[in-house]
Amino acid sequence: MRVIILAVLVSVLGTGFSQKTKTYYQQLAEISTQNSKLKVSYQGGDSIKQHKSVSASKTYVYTQLIDNIFPSWYGTEWDYNGISNVPNKGQIACGYFVTTTLKHIGFNLNRYKLAQQYSHSIVNTLCDNVQQIRDNNTTKLFNYINSKPNQLYVVGLDNHVGFISKEADGIYFIHSSYLEPVSVVKEKASISEALLSSNLFVLGHFSNNDQMITSWLTKREIIIKK
């Protein structure tokens, strides 16, 4: 079964394998297998089992993105028109980094159409509990994040979009950066020039969004919201 899934991923994502790319595809195959198992548990259970499946999926999606998917893209070059579908091959714009990584992990979305939306629309499409923090109020932004459990957010800025991750050792901004080093990076949010220079922060809960995680479980299509 895993071999079949890997073959499908290869055909979808492209060729040009390095050993690192092979490992990435193998990871995606393992995620697809785990998704299928969780889906069976979700669809075959009562409301209590469904709740447990969604809860387990939240943790799984968060962990896989932080530990495996995002790191595979670190160092991939940024370009305003970048649409790469393969880590460390070609260039990728900020919106495409968000939509491509989520597409790869198994969310049923159109990575092209969603990436082409305004950053605030991307957040509204993927998240719930969306907060709008204005006037470059970074104190309010970090106080809000610190008041919540560890999780993954999507954040829309004035002209940029990326992920904010609250982890055990701090808060990070993960994005395809148009500033040095002009590539996909994970940096401390408190010193990220791209984040701190924005006047507006549109911050939404992603990994703790029940509706979005259920969409991942069931492969329900994600419809773009304005």
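General observations
- Subset of the stretch 198-218 [under 18 Å from the mean Cα position of the chain (by Cα), open to solvent by less than 50 Å² (accessible area, probe 1.4 Å) and polar (S, T, N, Q)]: Ser207, Asn209, Thr214, Ser215, Thr218
- Test for Asn88: is it in a loop (DSSP other than H, G, I, E, B), under 14 Å from the mean Cα position of the chain (by Cα) and not β-branched (Val, Ile, Thr): no
- Extreme residue, surrounded by the most Cβ atoms within 10 Å (Cβ to Cβ), among residues of the stretch 151-197 that are touching a residue at least 40 places away in the same chain (Cβ under 8 Å) and among the charged types (D, E, K, R): Lys186
- Cβ separations smaller than 7 Å between residues 6+ apart or across chains give the following pairs from the stretch 20-44 residues that are among the β-branched types (Val, Ile, Thr) to residues that are buried (at least 17 other Cβ atoms within 10 Å of the Cβ): Thr21/Val86; Thr21/Pro87; Ile31/Gln64; Ile31/Ile105; Ile31/Gly106; Thr33/Ile5.
- Residue check, Leu38 open to solvent by less than 10 Å² (accessible area, probe 1.4 Å) and part of a helix (DSSP H, G or I): no
The values are calculated or read from the model by the stated rules, or taken from the named source; none is laboratory data. Everything numeric here is computed off the predicted structure, so don't read it as measured data. So basically every Cβ, Gly included, is an ideal-geometry build from the backbone, and we count neighbours across all protein chains shown. Each accessible area value is taken on the protein alone, full model and side chains, heavy atoms only, with ligands, DNA and RNA left out. Shrake-Rupley method; radii C 1.70, N 1.55, O 1.52, S 1.80 Å.
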